[in-house]
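Read through the structure below, which is laid out as structure tokens, and then see the notes.
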Amino acid sequence: NGVMRRENTTVRVRKKDNRFKGTIKRHLASGYSTEESFNVDTLPLVIVVDNIPVWIKGSLDTERTVFTMCEGIQIMFDLNQYLDVIDCEIEIEFREDLQKQAEWLMSGIKALLKNNTNNAAWCKSERFFRALENKGGDSYA
């Protein structure tokens, strides 16, 4: 029924160091997002969020390089692989009190990349679901 996608919500389970961690990521209109974590013992086929069953649609591997700009601001360079697609992404994580500095940093990065970006407005999960649709798969959670 596409409820989670329409609400710009992604449910993911990450595996790191042989442990699973679940996250509900809500993408906000401002371009920011909020995350809520939960413990996962084994990889589930279905996760229920807000009384809505969400099925696993595929996997995504990310190779991340992190640069700490200063205490409270980090830039992440991600190389993502999913559904025969390889893409790159730049993400900035920052403490709330450093938002203006992070926005200044992002505006500089955007200026450097101007006219050299593809699908810049789509978050990682949206790019994944569009690729799934292009392969003829069910994209809805």
### Task
Provide the FRET efficiency to the nearest 0.05 for the LYS100-ASP50 pair, computing r from the beta carbons and using R0 = 35 Å.
0.60
#### Entry: Where labels lie 7 Å past Cα in the beta-carbon direction, separation of CYS70 and ASP84 in nm
4.7 nm
### Task
Between VAL13 and SER107, take the C-beta separation as r, use R0 = 41 Å, and let me know the FRET efficiency to the nearest 0.05.
0.75
#### Entry: Spin-label proximity, ASP61 to the stretch 1-41 - amide N less than 20 Å from point 7 Å beyond Cα toward beta carbon
12-21
### Query
Taking Cα atoms, how many degrees apart are the long axis of helix 99-113 and the longest axis of the chain, rounded to 10 and kept between 0 and 90?
90 degrees
### Task
Evaluate the Debye formula for the chain with equal point scatterers sitting on the alpha carbons, no solvent, and hand back log10 of I(q)/I(0) at q = 0.12, 0.17 Å⁻¹, in q order, two decimals.
-0.56, -1.13
### Summary
Helix-only [θ] at 222 nm, the chain, -39500 (n - 2.57) per DSSP H run of 4+, per residue, nearest 500, equals -6000 deg cm²/dmol
#### Entry: Mean Cβ neighbour count within 10 Å, used as a protection proxy, ranking 97-103, 32-38, 6-12 highest first
6-12, 97-103, 32-38
### Task
Subtracting the Cα-Cα distance from 0.36 nm times the residue separation, let me have the gained length for LYS114 to ASN39 in nm, one decimal.
23.1 nm
### Query
For the chain, what % of the accessible area comes from carbon and sulfur atoms, probe 1.4 Å?
50 percent
## Note on the structure
the chain accessible area per residue, 1.4 Å probe, protein heavy atoms, integer Å², reads 72 Å²
### Query
To the nearest 10 degrees, how steeply does helix 124-134 sit against the main Cα axis of the chain, on a 0 to 90 scale?
50 degrees
### Task
Find, among the GluC sites (Glu not before Pro) in the stretch 55-99, those assigned to loop by DSSP (not H, G, I, E, B) with at most 13 other beta-carbon atoms within 10 angstrom.
GLU71
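The values are calculated or read from the model by the stated rules, or taken from the named source; none is laboratory data. Just so you know, these numbers come straight off a predicted model, no measurement behind them. Cβ atoms come from the backbone with ideal geometry, glycine included; neighbour counts cover every protein chain shown. Accessible surface areas use protein heavy atoms only, side chains included; no ligands, DNA or RNA. Shrake-Rupley method; radii C 1.70, N 1.55, O 1.52, S 1.80 Å.
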